[in-house]
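Please read the structure below before turning to the comments.
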Amino acid sequence: MIQRYKNIPDTFINFDISPFVNTIGEYDSVQFTLKHAGKFPFDVAYLADQLSIYPKAKHKIPSFTGVYSIFTPQSYEQSSSEKLALFKASLVSGTNMLDLSGGLGVDDWAFSKSFKKVVSLDIDAELNKIVRNNFLKIGSTNIERLDADAYHFVDNNVNIFDWMYMDADRRNAEKRTYALADTEPNIFSIKDKLFEFTSNILLKVSPMLDVHALINELKHVAAIWVVSSKNEVKEILIHISKEKLNSQNESSHAAKIIMHAVDVTETENTHFQLPYSAMQTEPTYANDGLWFYEPALSLIKSNLAPAYLKKYSISQVGKHSIFGVSNVQVPDFFGRAFQLYESFVFSKGRLKTYLANNNITKANIAKRNFPMEVTEIKKLTGLKDGGEQYLFFTTDEQGEKRVFHVGKDNGR
């Protein structure tokens with residue numbers, strides 16, 4: 001935490017920042033700090049931070065910037081975007097919810113639309129002063145933010161909650177960690193206690209974690225959502241159910257888990273789901289066709305991609321190369337679809353000859369399960385980034401390194 005945010009003056013919390021952030025294009029935060037030092041009843045660096053944050057925040061959390069909320073740099077960076085927070089809120093509902101890791105409160109704001117009351121905890125009392133003031137500005141009067149440690153609250157709680165949400169802080173004192181057992185609050189140490197006053201836990205974890213490992217570690221999982229935005233995986237959400245806790249047959253329980261892949265946008269969400277038991281499928285393999293498909297990253301991360309490709313009769317290039325080919329165009333494919341111009345076995349000489357014969361000097365390059373890095377391929381070929389041509393490098397089911405030249409139109 002930045003030192004000055006350990007004691008935030010009320011004069012700043014209650015300050016009207018609108019004249020400054022409304023004309024944000026006129027300010028350079030460093031120059032602003034130098035020019036206006038000593039002119040406000042608080043450290044001008046607080047205001048300079050808002051000038052740095054607001055250009056991004058207007059897109060990420062527009063409801064908050066629309067009422068001129070105040071943010072700390074760390075709480076802003078760790079906060080959910082509004083669209084992801086609202087997606088989470090669409091998964092749950094009830095009378096009351098407990099959030100064990102409140103942070104900036106964007107998730108609380110979204111949950112407050114699905115519950116009559118949200119109780120939110122954070123150990124940072126200074127941040128909580130800002131958050132309470134932001135909630136007043138935005139009109140979220142059914143959220144109670146407490147200065148509380150999750151463990152202490154859980155040990156002393158006597159209230160019942162319909163749902164409990166936890167976004168464990170992945171940043172410890174020394175480094176960022178992605179191991180579930182190293183996060184705070186630690187779900188393993190408090191899960192049984194939580195089930196004394198809730199039947200449903202929604203847990204957000206790092207997208208770096210392995211989905212299958214999560215099922216084995218956590219057990220009693222009802223559903224998992226791998227959530228992306230603009231095809232970048234942002235988070236994994238896990239519904240842990242008390243009902244599943246009472247299941248005696250773990251293998252039978254795992255088969256009933258529902259796996260979801262979701263891409264969230266401002267206008268609509270793309271979604272595919274299957275029971276865990278239906279995910280194991282035997283693909284067909286091919287390395288040529290009229291159309292080339294790259295499944296969305298949420299499909300790949302959730303391990304739903306093979307089943308999704310098979311549903312639409314798309315052959316995989318290889319077991320560990322999740323690209324697909326088909327002679328049929330699939331409308332509204334969940335991912336990227338291209339016309340396939342050429343597929344050939346990779347060699348350095350053949351690639352250079354092909355590029356020269358087709359006058360390709362610029363291309364978008366991607367690779368999966370291929371020994372060379374994209375930077376090495378660019379160095380080898382001299383290709384520049386961009387343009388209308390796409391080159392995918394991978395390894396097919398026969399173990400051969402292969403190049404796919406594809407595009408989004410009828411020409412080359």
Got at least one residue in the stretch 164-174 being of a type in the set (Ser, Thr, Tyr), modelled with pLDDT of 95 or more and assigned by TED's automatic domain parsing to the domain that holds Gly94? yes
When you go through (1) under 18 Å from Ile377 (Cβ atoms); (2) assigned by TED's automatic domain parsing to the domain that holds Ile224; (3) of a type outside the set (Phe, Trp, Tyr) one by one for Glu342, which number turns out not to apply? (2)
Go through (1) touching a helix residue (DSSP H, G or I) at 6+ places or on another chain (Cβ under 7 Å); (2) modelled with pLDDT of 95 or more and name the single condition Ala48 misses. (2)
Does Phe338 satisfy the criteria of being of a type in the set (A, V, I, L, M, F, W, C), under 27 Å from Asn269 (Cα atoms) and in contact with a Ser or Thr (Cβ under 8 Å, 6 or more places away or on another chain)? no
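Criterion first (of a type in the set (Lys, Arg), surrounded by 19 or more Cβ atoms within 10 Å (Cβ to Cβ) and out of contact with any Phe, Trp or Tyr (no Cβ under 6 Å at 6 or more places or on another chain)) does Lys88 satisfy it?
On the way: of a type in the set (Lys, Arg): yes; surrounded by 19 or more Cβ atoms within 10 Å (Cβ to Cβ): yes; out of contact with any Phe, Trp or Tyr (no Cβ under 6 Å at 6 or more places or on another chain): yes.
Yes, satisfied.
Residue by residue, here is whether (1) of a type outside the set (Phe, Trp, Tyr); (2) over 19 Å from Ile190 (Cβ atoms) holds:
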position: Tyr76; (1), (2): no, yes
position: Ser79; (1), (2): yes, yes
position: Ala89; (1), (2): yes, yes
position: Gly94; (1), (2): yes, yes
position: Asp99; (1), (2): yes, no
position: Leu104; (1), (2): yes, yes
position: Asp149; (1), (2): yes, no
Is at least one residue of the stretch 62-81 over 25 Å from Glu268 (Cα atoms) and acidic (Asp, Glu)? no
Hey, does the stretch 358-366 have a residue that's within 17 Å of Ile300 (Cβ to Cβ), under 27 Å from the mean Cα position of the chain (by Cα) and not acidic (Asp, Glu)? yes
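Let's see how each residue does on (1) crowded, with 21+ Cβ neighbours inside 10 Å; (2) modelled with pLDDT under 95:
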site: Phe197; (1), (2): no, no
site: Leu203; (1), (2): yes, no
site: Glu243; (1), (2): no, yes
site: Asn246; (1), (2): no, yes
site: Glu250; (1), (2): no, yes
site: Lys256; (1), (2): no, yes
What about Ser114, is it touching a Gly at 6+ places or on another chain (Cβ under 8 Å) and in the same structural domain as Asn269 (by TED's automatic domain parsing)? yes
Can you work out which of the residues in the stretch 105-134 that are assigned to a loop (DSSP other than H, G, I, E, B) and under 22 Å from Asp10 (Cα atoms) is modelled with the highest pLDDT? Gly105
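Go through the stretch 1-104 and tell me which helices (runs of 4 or more DSSP H), entirely inside it, have 1 or more residues that are touching a residue at least 24 places away in the same chain (Cβ under 8 Å).
Correct list: 10-13, 18-21, 44-60, 62-65, 73-78, 82-90.
Suppose we filter Lys88, Lys113, Lys83 for residues that are over 19 Å from Val21 (Cβ atoms) and out of contact with any Asp or Glu (no Cβ under 7 Å at 6 or more places or on another chain); which single one remains?
Numbers: Lys88 fails: out of contact with any Asp or Glu (no Cβ under 7 Å at 6 or more places or on another chain); Lys83 fails: out of contact with any Asp or Glu (no Cβ under 7 Å at 6 or more places or on another chain).
The unique qualifying residue is Lys113.
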Per the filter on the stretch 35-68, residues touching a Pro at 6+ places or on another chain (Cβ under 9 Å), surrounded by 14 or more Cβ atoms within 10 Å (Cβ to Cβ) and not charged (D, E, K, R) are Phe42, Tyr46, Ser52, Ile53
Of a type in the set (Asp, Glu), assigned by TED's automatic domain parsing to the domain that holds Ile190 and either farther than 20 Å from Leu203 by Cβ or free of Cβ contacts under 8 Å to residues at least 60 places away in the same chain (or both): does that describe Asp149? yes
Where residues in the stretch 205-231 are under 19 Å from Glu243 (Cβ atoms) and among the aliphatic types (A, V, I, L, M), which of them is surrounded by the most Cβ atoms within 10 Å (Cβ to Cβ)? Val221
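The values are calculated or read from the model by the stated rules, or taken from the named source; none is laboratory data. Bear in mind that the values here come from a model prediction, so they are computed numbers and not experimental data. For neighbour counting, all protein chains shown are included, and Cβ atoms are generated from backbone atoms with ideal geometry for every residue, glycine included.
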